[in-house]
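Laboratory data are not the source of any read-out in this text; all were calculated from the coordinates shown. Just so we're clear, the structure is a prediction, and the values are computed from it rather than from any experiment. Here the Cβ is made from the backbone with ideal geometry for all residues, glycine too, and neighbour counts use every protein chain on show.
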Amino acid sequence: MQKIAVLLGLIGVLVFTTNYAYSQEMSLATFQETAQVIIDKSISQNVTASIALQSTSIQEIKIPAELEQKIRENDRITAIVLTNQNQCILGVYDESCIIINVARDPADKDFSAIQNSTKKIAELFIDEVNQTFDTNAKFHSIFIQSNDELGRALETSGTISGRGTISAVYTMPMEDTESMYEKISALLLPKVIRESGGFYDIAKNLSKEEKSKMTFSIIPLENKSLLQLKLSIDYPNMASSVKEINPLEFLKADELKRSDYFSTGFYPLNSILQVVILSPESTNVSDVRGNIIPTQITDGEKIPKEITKEGWIFDPEQGKKIQGKYIFGERTSINKDELVFSLGGSELVAPKNIGTSFDESSIIVIIITVVAIAAAVFYLKGYKK
């Protein structure tokens, strides 16, 4: 968790530049857009697709500076989450939630002490949080999460959910995802980002789907906070039938286009597509239609040798957990047919040219994986001066 926090914090306090063989100057911005598809053949049997817009700058995701500082300076707050996810915790039905996660005080020896201590901390924040989100959530309960099977499988940080996480839960009437996403994005995202398209437009379109859900989270770091707006959709019991993977099919899009927000420079690591496959048996990637970027191993991490080219980095490319990251290079958009690959074939092959033609394991839909900080990892291990 400490390693993840350090890497995330670096996104907020540093602007990176370096030189390449093509005399390109690469930068890493604080704002990042991520498309993610999780195909869980091992635990839930669901496919989850999501778009996350995140930043460590309160100019790019606008929350009051006083509230951000107050959250960060309270060493017991680990996250604040707004979501309309069904059954955000056990015992909540057909209501939206604000969840304030609080680290346990070692002096609290029983549930009553934990409950009182957690509620006391949460009450310091809920009025300002309600004001920021234009909500009126009321106290529901204190919940101690006891299961994190999916989190362990995905190597998540445990900040949002996970065994031992203590949540003060506040509820309010359920709001449909389309109107909720429209309201929250208008409140939090500046006009320049909303009008720059890119992954934001895909999320906005996805919000119209009946099963889509929205989550906004504030995760305090040492000097900044990670702010993330996430739109996700679940496809129940679909994972087992997936053999050929077309990521954009689950995102209801024919094309993945980068935000024009990055048009002023070269920001190849600020728009990333991630695909994670969890399998009960070992499998492998095969029949990749698009490019596979040549890599080198640095500190155990696959790092692309050439950042100006678009293509996949699979790490690992075989086993019970497969993870693929797609970077755009110098391109601004990728067609859905360029992103297709299969599982279980004989070998991983990419052509030179391509045509252009409730269980407790899912208490919170938001999943901030190690992959979500791929940009910082790539930079720190492979591209800093």
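Structure values in brief
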read-out: Proximal charge balance of residue 313 [Cβ under 12 Å; K/R count +1, D/E count -1]; value: -1
read-out: Cut-off 14 Å between beta-carbons: net charge of the residues surrounding residue 132, Lys and Arg +1, Asp and Glu -1; value: -2
read-out: Cross-link table 211/321; 138/211; 120/213; 230/257, entries beyond 22 Å C-alpha to C-alpha; value: 211/321; 138/211; 120/213
read-out: Neighbourhood charge, 14 Å Cβ-Cβ cut-off, centred on residue 265 and excluding it, Lys, Arg +1 and Asp, Glu -1; value: -2
